[in-house]
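Structure record follows, encoded as structure tokens.
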Amino acid sequence: MNRESDGERAVRVALDNLGLKYEQEKEINFLKGDFKGSRRADFFLPKYNIYIEYLGGWDKKDTEEQKKERARYNEKKDAYSLNDLKCIYIYPNQLNYVSNVIKKGIEKFGHKAEPLPIYKNPLAISITTAIIFLLLSPLSFTIFLTLLFINIILIIIFSLTRCPNCKRVFAKDHVSTDFERIEKRPWEYRIETKYLYSDGSYKNSTYTEWRTRIERIKILKNTKECKFCGYKWTENEEINLDKATRPQTVYSRRTNYRNPATRTY
Ligand SMILES: [Zn+2]
């Protein structure tokens, strides 16, 4: 038996505190498609048929070593997933809240949430009530438009946090961000010069011709995971790298003209 690492000890203590029965250094034999005859998982939870692996070398300081360690872990992960083994992977940066990672992992494997039927779908319900409030608004504008406004905020929150698979809301967990590509995109602008009367009020404007500036858009792919059903999906995120250096498009010039509306003779 290998010597237990600090991280493994933390996982073991967490399992003890959670009152979970476990086997340590559990041997797994004859995984299909695996070149290794047998493997050892750090922990095994017999009640749930779930393995736990602590990936202690994932964040090794030395880049070469880190590369090697990660390749080794990924190969292990592939072997497990190919054989449909349920395994909770724990990364070094998760050690502070390792109990939570274990609990969530068991939930995810244990009872995968079924998709909600439409009459329990929070987004569908909030859209329906919004329509009802809109239809009722002639009865009392203040009451129903206030309710409608609250409803629209709910619709926005629900849309942003829902799982596209099971339709539950507040379901989104961030997994990882990956760089996709840099895209070039034109931005059209013209420069406005605002002329003001001597008292500072608006007189008129002149504009330059339209100009085009090519800006770089960084496109990121965010992987999200549903807390309830484990479904994974990706969302694109765009960051305009050249927005901060956009030229000023509005200038104000105060003239000596007096505002005719306030002119006194
Ligand atoms: Zn879901």
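The values are calculated or read from the model by the stated rules, or taken from the named source; none is laboratory data. Everything numeric here is computed off the predicted structure, so don't read it as measured data. For neighbour counting, all protein chains shown are included, and Cβ atoms are generated from backbone atoms with ideal geometry for every residue, glycine included.
Of all residues assigned to the stretch 239-258, none qualifies as being within 16 Å of the ligand (Cβ to nearest atom) and in contact with a Phe, Trp or Tyr (Cβ under 6 Å, 6 or more places away or on another chain). So, in the stretch 167-193, how many residues would count as being at pLDDT below 90 and either within 16 Å of the ligand (Cβ to nearest atom) or within 13 Å of F228 (Cα to Cα) (or both)? Within the stretch 167-193, residues that are at pLDDT below 90 and either within 16 Å of the ligand (Cβ to nearest atom) or within 13 Å of F228 (Cα to Cα) (or both) number 3. Between Y80, Y97, the distinction of being free of Cβ contacts under 8 Å to residues at least 40 places away in the same chain, within 30 Å of L20 (Cβ to Cβ), in the same structural domain as L15 (by TED's automatic domain parsing) and not charged (D, E, K, R) belongs to Y97 only. Being closer than 30 Å to K108 by Cβ and surrounded by fewer than 15 Cβ atoms within 10 Å (Cβ to Cβ) holds for only one residue in V175, V250, and it is V175. Go through the stretch 70-86 and give me each residue that's in a helix (DSSP H, G or I), under 27 Å from the mean Cα position of the chain (by Cα) and surrounded by 14 or more Cβ atoms within 10 Å (Cβ to Cβ). Those that are in a helix (DSSP H, G or I), under 27 Å from the mean Cα position of the chain (by Cα) and surrounded by 14 or more Cβ atoms within 10 Å (Cβ to Cβ): R70, Y73, K76, K77, Y80. In this structure, D16 does not satisfy being in a loop (DSSP other than H, G, I, E, B) and of a type in the set (D, E).
Of the conditions (1) at pLDDT below 95; (2) among the basic types (K, R); (3) more than 30 Å from G105 (Cα to Cα), K224 fails just one. Which one is it? Here K224 clears every test but (3).
The sole residue among T206, T161 that is within 16 Å of the ligand (Cβ to nearest atom) and without any contact (Cβ under 8 Å) to a residue 40 or more places away in the chain is T161. When you scan the stretch 124-161, how many residues do you find that are more than 28 Å from K172 (Cα to Cα) and assigned to a helix (DSSP H, G or I)? Selection size over the stretch 124-161: 11. Total residues in the stretch 196-215 satisfying the condition of being in contact with a Lys or Arg (Cβ under 6 Å, 6 or more places away or on another chain) and either in a strand (DSSP E or B) or surrounded by fewer than 12 Cβ atoms within 10 Å (Cβ to Cβ) (or both): the figure is 7. Taken over the stretch 87-112, the criterion of being surrounded by 17 or more Cβ atoms within 10 Å (Cβ to Cβ) and within 17 Å of C229 (Cβ to Cβ) is satisfied by I88, G105, I106, K108.
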